[in-house]
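Data first, discussion second: the structure below is written as structure tokens.
Values quoted throughout were computed directly from the atomic coordinates according to the rules given, and no laboratory measurement underlies them. What you see is a predicted model, and the numbers here were worked out from it, not measured in a lab. Because the Cβ atoms are built from the backbone with ideal geometry, glycine has one as well, and the counts that use them run over all protein chains shown.
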Amino acid sequence: MAISDYFSLLIDAGEYAGRNDIANVFPRFVGLAEAKLNRILRVGHMETSGTVVLTDGNGDLPEDFLEARLITTSDGRGLNAWSMGELNRRYASYGGVPAGYAVVGNVIRVRPTTSGSLTLDYYAKIPPLTAANPTNWLLELAPDVYLYALCEEIAIWERDANKVAASKSLKDTAILGLELMDERSRWGNAQVVVSGPTP
């Protein structure tokens with residue numbers, strides 16, 4: 001049977017891990033697995049766009065924000081990422097045309113300070129898998145990543161180091177396969193372009 005949703009994932013994870021008593025803790029395992037995947041996984045299906053409204057150079061990031069890809073002003077200029085210390089050193093509290101940004105917690109800080117809006121292209125968190133939201137792009141695209149990530153969490157819960165190592169190895173291999181597929185789908189037919197002067 002194919003893993004097609006939250007409930008079939010619960011059944012398969014229990015079978016692979018040799019446990020039929022995980023239903024009550026399964027939501028916790030899913031949350032832990034997704035937290036780890038959000039820290040390491042960056043593929044095209046995670047990319048999205050949004051708008052950030054700035055007030056005096058500060059704006060709240062989207063709740064699902066993980067990492068910026070491109071930040072542009074309303075007139076289409078890209079902003080460079082800087083540390084907050086460097087932004088303050090360069091621009092202090094001057095107002096004007098934004099030149100750079102820093103992410104501090106869940107806030108983006110733009111300097112020189114301005115009000116208005118930015119377009120944010122970013123990596124978004126994996127949509128949480130729950131009984132009420134039984135599928136998402138990752139489960140549809142790479143159910144093995146979810147399966148082995150959950151087997152790893154079950155093994156950690158069992159305090160079985162051998163199972164943890166085996167599950168982690170399978171998970172890492174599945175992630176590498178997903179990243180390779182993503183790279184090929186995005187760059188498989190790319191042309192090499194040399195920038196700058198050439199001899």
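For the reader, a short list of remarks on this structure follows.
- Hits among aspartates and glutamates - C-alpha to C-alpha of Lys171 under 13 Å, sequence gap 8 or more where chains match: Glu34, Asp144, Glu152, Glu153, Glu179
- Fewest-first ranking of Trp82, Trp187, using other Cβ atoms within 10 Å as the exposure measure: Trp187, Trp82
- Taking the C-alpha atoms of the range 45-124, convex hull volume expressed per residue in Å³: 76 Å³
- Environment charge of Arg186, counting only residues whose C-beta is closer than 13 Å and scoring Lys/Arg +1, Asp/Glu -1: -1
- If the segment from Arg159 to Ile40 were pulled out straight at 0.36 nm per residue, it would be longer than the present Cα-Cα gap by 40.5 nm.
- Placing a label point 7 Å from the Cα of Trp137 along the Cα-to-Cβ direction, no residue of the range 1-38 has its backbone N under 13 Å from that point.
- Rounded to whole Hz, the Karplus (6.51, -1.76, 1.60) HN-Hα couplings of the range 141-150, x for glycine and proline: 8, 9, x, 5, 4, 4, 4, 6, 5, 6
- Translational diffusion coefficient (Stokes-Einstein; Kirkwood radius from C-alpha pairs) of the range 42-199 at 25 °C, 0.890 mPa s, in µm²/s: 131 µm²/s
- Cα→Cβ-extended label distance, 7 Å offset, between Arg28 and Arg184, nm: 3.9 nm
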